[in-house]
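Every read-out reported here was derived from the displayed coordinates using simple, explicitly stated rules and does not represent laboratory data. Predicted, not measured: the structure shown is a model, and the values here were computed from it. Don't worry about glycine lacking a Cβ; one is built from the backbone with ideal geometry, like all the others, and counts go over all protein chains shown.
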Amino acid sequence: MRRPRIPVLALVADVVAVVVFAAIGRAGHAEAASVAGLVATAAPFLAGLVATWATPWVRSAPAGLRAGGIVVVGTVALGLLLRFAFLGRLPLSFAIVTTISLAVLLLGWRAVAAVVSHRQRRHTPAR
């Protein structure tokens, strides 16, 4: 049975992951703690996230690891392209850190959800 709240929760978790990524990055570079700065940093990756979520591969099973992989690739690729388009530069080190960080965040919550779901199914008596 498909639960309608799962896609909404998955999208919220992905948005939170991207915002956390941007906040940690800004804090790590001692950038001003402003909402506008956070939004500007997160915006290209949020745009990539939204575009990726528009695909049927993500919408069909958004909490799955396969969808997570697609979300990572789309969010990173589109986010880095947009960032390069606006700033005119894209250091390789930034691209590497971005890819690893977003992969950990976007796949991490899905892995935890998969483990919890598996354990619940294993310990729930059949009906």
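Other residues whose C-beta falls under 12 angstrom from the C-beta of Leu11 contribute a net charge of +1, scoring Lys and Arg +1 and Asp and Glu -1.
Per-residue extension of 0.36 nm, minus the Cα-Cα distance of Leu90 and His29, leaves a gain of 20.4 nm for this segment. Helix 5-28 and the longest principal axis of the Cα set of the chain meet at an angle near 30°. Subtracting the Cα-Cα distance of Arg59 and Val97 from 0.36 nm times their residue separation leaves 11.0 nm of extension gain. Each other residue within a Cβ distance under 13 Å of Arg66 adds +1 if Lys or Arg and -1 if Asp or Glu, for a net charge of +2. Protection proxy ranking for 108-116, 66-74, using the average of other Cβ atoms within 10 Å per residue and placing the highest first: 66-74, 108-116. The protection proxy used here, the mean number of other Cβ atoms lying within 10 Å of each residue, ranks peptides 4-15, 36-47 as follows, highest first: 36-47, 4-15.
Note: the chain, Cα convex hull, 115 Å³ per residue. One way to sum up the overall shape of the stretch 6-49 is the equivalent ellipsoid from its Cα gyration tensor, whose semi-axes run 21, 10, 8 Å, largest first.
Summarising the label geometry, the points placed 7 Å from Cα in the beta-carbon direction at His118 and Val73 lie 2.3 nm from one another.
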